[in-house]
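*Asks:* Sharing a structure here in structure tokens format.
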Amino acid sequence: MKNKISIFVAFLMVVIGWTQEVESYSIPLDTCVNVLLHKDATRLKEVATCLVTNDDIATYPLISAIVDKRLFVYKGTAVTKFPGDTLYYSVYPKLETISVQQEKLSEVNFPRSIRTKFNVLSKKVNLVHPNKSVREMSFRSFKTTGVLSDVDFLTSLKINEEEEEVLLAADEAIYSIWLHSNNAALQNKVLSELEENMNVHMLDPLLDYVALKENTNVEGKERAKKIIENIESREKTINVIQNLFSGISLGSILLLVALGLSIIYGLGGVINMSHGEFVMIGAYTAFSVQQFFIGFLPESWFDLFFWASLPLSFVVSGCFGLLVEKLVIRHLYSRPLESLLGTWGVSLILIQLARTIFGDVTAVKSPEILSGGINVTQGLMLPYNRLFIIGLTLVMVLLTYFVFFKSKLGLKIRAVTQNRDMSASLGVSVKRIDSLTFFLGSGLAGVAGCAMTLIGNVVPNMGQTYIVDSFLVVVVGGVGKLIGTIISALGLGVLSKVFEFFYEAVYGKVILLLIIFFFLQYKPKGLFPDKGRHSDD
Amino acid sequence: MLKNKIYIIFILVFALLMPIGYFTGLVPINTLTLWGRYFCLAIAALGVDLIWGYTGILSMTQALFFCMGAYGMGMYMTLSNLPEGQFLPSFMVWNQVTELPFFWVPFDNFSYALVLSILVPGVFAGVLGYFIFRKRIKGVYFAIITQAIALAMFLLFSRNETMLGGTNGLTDFKFFLGFDLRDTSVKFGLYILSLLALGLIYWYCHGLVNSKFGKALVAIRDSESRMRFTKYKVTHYSVAIFMIGAMIAAVGGMLYMPQTGIITPGRMDVQASIEMIIWVALGGRGKLKGAVVGALVLNLMYSVFTTVLPSSWLYILGGLFVITVLYLPKGIVGLVDQMKEKLNSMFVKTA
């Protein structure tokens with residue numbers, strides 16, 4: 001009971017103290033900052049109130065540092081460090097980088113009661129954050145919460161702003177506030193502005209505006225509806241492009257995986273169910289190279305690891321493929337169904353091996369140069385990593401094409417594919433060709449695995465998710481046909497993304513399967529069957 | 001004489017020794033239930049053997065048909081186990097379903113459920129088989145297509161909207177036809193029922209493969225074109241055996257359900273079907289004995305190794321796949337036969 005009373009008394013005192021301080025007089029800003037840095041307990045509250053009432057942009061970095069508990073003092077200046085950044089910044093009187101000696105830094109902490117005093121300003125303080133995306137976000141927050149009196153302030157901030165995205169966000173905020181206001185002149189100004197320059201982020205404020213004017217008869221309503229229509233149709237186009245793009249990038253991964261599969265099947269009549277595991281081995285090679293770079297090489301070299309791991313993935317996966325070929329598959333040429341079972345066993349062993357060595361989930365960090373993307377227009381970004389995968393696939397396919405059709409090795413591979421016995425009797429070393437082809441096919445899968453680390457985690461059974469799809473690619477494309485594989489991989493990739501967009505992922509897959517099913521009713525031998533007739537026994 | 005030995009041993013052990021052991025308290029009831037489950041899987045393996053071993057069609061949908069049977073029985077059991085006053089399974093209530101979906105309605109009745117659990121997989125297999133075999137899609141293409149279908153069905157069954165319990169499947173049953181499933185005598189009854197079913201289906205398959213129909217199947221496996229040239233309707237034979245195999249698998253699934261008490265989509269993924277094939281391959285394809293022996297041996301091994309050395313099981317299974325394919329083309333049964341022949345010839349020589 002006693003406790004409760006004392007808490008109540010304390011609460012009263014706080015309330016009274018607060019109401020008194022509201023009428024506080026103005027103190028020069030420099031003094032305020034000094035008081036804060038020295039934590040002069042007697043004047044803290046007074047100073048905090050003064051800062052809030054003054055509401056000066058120059059103090060925002062300081063206030064945000066206090067609120068986020070990252071204020072330090074260094075030789076009498078207030079210093080802060082933003083999360084995810086290694087540099088230190090002085091916060092007052094100007095926000096700029098400063099070099100400090102870590103040991104001379106001391107942290108300045110404030111009690112909760114002081115920090116909460118600044119809550120009124122919390123919306124604004126991040127408008128001057130050094131990180132442009134934080135600035136963008138805090139400008140955006142004004143879209144829903146801003147009031148007409150904020151506009152002058154926001155406009156004043158625009159003058160010193162250089163980043164295009166932030167400027168756009170600031171415009172959005174101002175437009176939204178104007179649209180929400182009751183001033184018809186301002187609203188019309190916004191509408192004419194938007195009619196000229198479309199901005200997809202203005203959809204929600206416009207919808208609000210239309211809803212607000214639902215029962216009135218202003219000419220602005222129709223104009224707004226027109227703009228909304230334009231935005232929506234544009235968003236649809238962007239969505240389609242985005243899906244097409246990710247479809248092509250999915251298709252190109254499928255293509256890398258299926259290419260090796262198709263060549264091997266065409267050559268030796270072997271269904272290699274462990275092909276997906278060579279993808280996995282490629283990915284783990286990239287992971288191992290990354291760990292090696294972290295452990296043994298200087299940090300500045302780190303970004304090179306991915307480029308080093310690309311050829312290595314090819315070689316390592318290829319060697320594993322060669323090993324599997326020598327141990328198991330060599331005995332199974334021309335026995336496709338048995339080879340399916342045997343290689344499934346191999347894949348079980350390889351998956352469990354990876355799980356034992358590497359554990360369940362690991363990830364590879366993408367190199368800096370592949371993060372981000374090309375901003376084609378507003379709302380449409382093509383990520384570099386996916387573009388890179390498409391480019392890589394293009395290069396690999398071209399290389400495969402040259403090996404296949406322009407080299408002596410390719411000639412022999414095609415000869416063995418067409419007629420194994422006849423090639424052997426003409427002096428082609430069939431066994432050597434088998435091994436080499438297997439090496440190439442598995443290596444391609446390894447490169448695919450290495451590329452896949454850019455867009456996903458590395459897990460032991462990652463190959464399994466692609467294996468059924470890539471077999472479908474082989475079936476649709478026609479066995480051992482390079483051009484068929486390319487077309488069907490890209491086609492299936494794009495179609496599956498498109499269906500995923502219209503239906504849910506699972507149903508998209510089922511529909512795609514039905515389409516393949518009926519496609520095979522018309523073309524049982526795939527897109528490009530061998531011409532002529534031949535008996536199978 | 002030698003040929004019949006294995007049957008006699010089988011009957012002696014499972015129909016006589018095991019029950020005697022159970023009644024004298026030497027064999028715990030859980031061992032019997034375990035073997036009962038193996039029998040159900042062996043039934044499905046018989047279906048695989050008919051389709052793959054005798055007709056040469058590598059189908060990856062056998063586990064799917066097995067699960068369809070199990071799901072049919074599971075739906076009946078779900079509905080019959082609802083507590084008083086509840087009309088919907090709880091997972092439907094959680095998904096805000098207010099009315100029983102139409103395909104659940106007939107499963108409220110046991111005899112309908114019984115018929116549908118066999119018919120649905122049969123018809124599904126018939127339609128699927130007709131469209132595939134009609135275009136002479138076979139061998140590897142058939143394997144890949146059925147594999148993709150198995151994957152798609154697995155994904156569908158795993159969804160909540162398909163109203164089949166999602167990834168959790170159907171589970172939590174107490175009664176089956178009014179019998180308490182925890183009761184040991186009920187468990188024993190199910191064991192005997194599974195054994196009987198295995199025996200009956202084995203006998204049926206035995207008759208089938210020794211009939212003219214069975215000979216035609218083997219001929220299709222060995223030379224499909226020549227069968228066509230001699231005016232056999234290969235498509236009809238293939239569809240028929242595909243349907244028979246599917247329905248046999250469904251019977252296995254239906255008996256499996258009350259003994260395990262749970263069915264999840266995990267039982268029907270691609271791996272499950274491939275494993276069924278390896279049972280037959282290891283036991284000996286093209287021999288009905290082989291299918292049963294393979295299913296029993298591999299499932300026993302699975303139970304033993306996953307308890308003793310859990311992390312090693314995939315190595316062993318993978319190794320068995322490879323060894324079977326490379327060194328045991330005729331499976332265990334074939335190996336035994338080979339060794340017998342060798343012994344015989346030695347015996348003959350010395351004599």
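*Asks:* Conditions first: (1) within 12 Å of another protein chain (Cβ to nearest Cβ); (2) surrounded by fewer than 21 Cβ atoms within 10 Å (Cβ to Cβ). B:Gly126 passes all but one, so which condition is the exception?
*Replies:* All conditions pass for B:Gly126, except number (1).
*Asks:* Has the range B:162-183 got at least one residue that is within 11 Å of chain A (Cβ to nearest Cβ) and without any contact (Cβ under 8 Å) to a residue 40 or more places away in the chain?
*Replies:* Within the range B:162-183, one or more residues are within 11 Å of chain A (Cβ to nearest Cβ) and without any contact (Cβ under 8 Å) to a residue 40 or more places away in the chain.
*Asks:* For the structure I just gave you, tell me whether B:Ala150 is away from chain A (no Cβ under 14 Å), in contact (Cβ under 8 Å) with a residue 12 or more places away in the chain and either part of a helix (DSSP H, G or I) or at positive phi (or both).
*Replies:* no
*Asks:* Right, here's the next one. What residue, of A:Ala169, A:Ala185, is open to solvent by 60 Å² or more (accessible area, probe 1.4 Å) and either at positive phi or assigned to a helix (DSSP H, G or I) (or both)?
*Replies:* A:Ala185
*Asks:* Quick one: in the range B:322-351, which of the residues that are within 14 Å of another protein chain (Cβ to nearest Cβ) and open to solvent by 60 Å² or more (accessible area, probe 1.4 Å) is farthest from the chain's Cα centre (by Cα)?
*Replies:* Checking each candidate, the answer is B:Tyr327.
*Asks:* Still on this structure: Counting just the residues of the range A:317-369 that are within 13 Å of chain B (Cβ to nearest Cβ) and of a type in the set (Lys, Arg), which one comes out nearest to A:Asn457 (Cα to Cα)?
*Replies:* Only one residue tops the list, namely A:Arg355.
*Asks:* Related question: Could you please find all residues in the range B:292-314 being at the interface with another protein chain (Cβ under 8 Å from one of its Cβ atoms) and open to solvent by less than 70 Å² (accessible area, probe 1.4 Å)?
*Replies:* Taking the range B:292-314 first, the residues at the interface with another protein chain (Cβ under 8 Å from one of its Cβ atoms) are B:311, B:314.
Within the range B:292-314, B:Leu314 is the sole residue that qualifies.
*Asks:* Then there is this: Being open to solvent by 70 Å² or more (accessible area, probe 1.4 Å), more than 13 Å from every other protein chain (Cβ to nearest Cβ) and over 15 Å from the mean Cα position of the chain (by Cα): is that true of B:Lys287 here?
*Replies:* yes
*Asks:* For A:Met462, are the conditions met, namely being touching a Gly at 6+ places or on another chain (Cβ under 9 Å) and not β-branched (Val, Ile, Thr)?
*Replies:* Yes; evaluated as a whole, the condition is true for this residue.
*Asks:* Within the range A:499-532, count every residue that is open to solvent by 40 Å² or more (accessible area, probe 1.4 Å), farther than 28 Å from A:Thr417 by Cβ and more than 9 Å from chain B (Cβ to nearest Cβ).
*Replies:* Adding up the residues that qualify gives 6.
*Asks:* Considering only the range B:256-263, I want to know if a residue exists there that is on the phi > 0 side of the Ramachandran plot, surrounded by fewer than 22 Cβ atoms within 10 Å (Cβ to Cβ) and of a type outside the set (Phe, Trp, Tyr).
*Replies:* Within the range B:256-263, one or more residues are on the phi > 0 side of the Ramachandran plot, surrounded by fewer than 22 Cβ atoms within 10 Å (Cβ to Cβ) and of a type outside the set (Phe, Trp, Tyr).
*Asks:* Limited to the range B:89-114, what total is found for residues that are farther than 18 Å from B:Arg159 by Cα and either assigned to a helix (DSSP H, G or I) or open to solvent by less than 40 Å² (accessible area, probe 1.4 Å) (or both)?
*Replies:* Qualifying residue count for the region: 9.
*Asks:* Now for a different question. Quick check on this structure: which one of A:Gly449, A:Gly456 is part of a helix (DSSP H, G or I), in the same structural domain as A:Ile389 (by TED's automatic domain parsing) and under 24 Å from A:Lys365 (Cβ atoms)?
*Replies:* One residue alone meets the criteria, A:Gly449.
The rows are residues; the columns are (1) within 22 Å of the chain's Cα centre (by Cα); (2) assigned to a strand (DSSP E or B); (3) at pLDDT 90 or above.
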position: A:Ile389; (1), (2), (3): yes, no, yes
position: A:Val395; (1), (2), (3): no, no, yes
position: A:Leu398; (1), (2), (3): no, no, yes
position: A:Arg414; (1), (2), (3): no, no, no
position: A:Asp421; (1), (2), (3): no, no, no
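*Asks:* So which residues in the range A:106-130 are open to solvent by 30 Å² or more (accessible area, probe 1.4 Å) and not polar (S, T, N, Q), if there are any at all?
*Replies:* A:Glu107, A:Pro111, A:Arg112, A:Arg115, A:Lys117, A:Val120, A:Lys123, A:Lys124, A:Val128, A:Pro130 - these are the residues of the range A:106-130 that are open to solvent by 30 Å² or more (accessible area, probe 1.4 Å) and not polar (S, T, N, Q).
*Asks:* Just for the range B:170-185: of the residues that are assigned to a loop (DSSP other than H, G, I, E, B) and out of contact with any Phe, Trp or Tyr (no Cβ under 8 Å at 6 or more places or on another chain), which one is least open to solvent (accessible area, probe 1.4 Å)?
*Replies:* B:Phe173
The values are calculated or read from the model by the stated rules, or taken from the named source; none is laboratory data. As the structure is a prediction and not an experimental result, all values here were calculated from the model. Cβ coordinates were reconstructed from backbone atoms using ideal geometry, including for glycine residues, and neighbour counts include every protein chain displayed. Quick note on the areas: whole protein, heavy atoms, side chains included, nothing else; ligands and nucleic acids left out. Shrake-Rupley method; radii C 1.70, N 1.55, O 1.52, S 1.80 Å.
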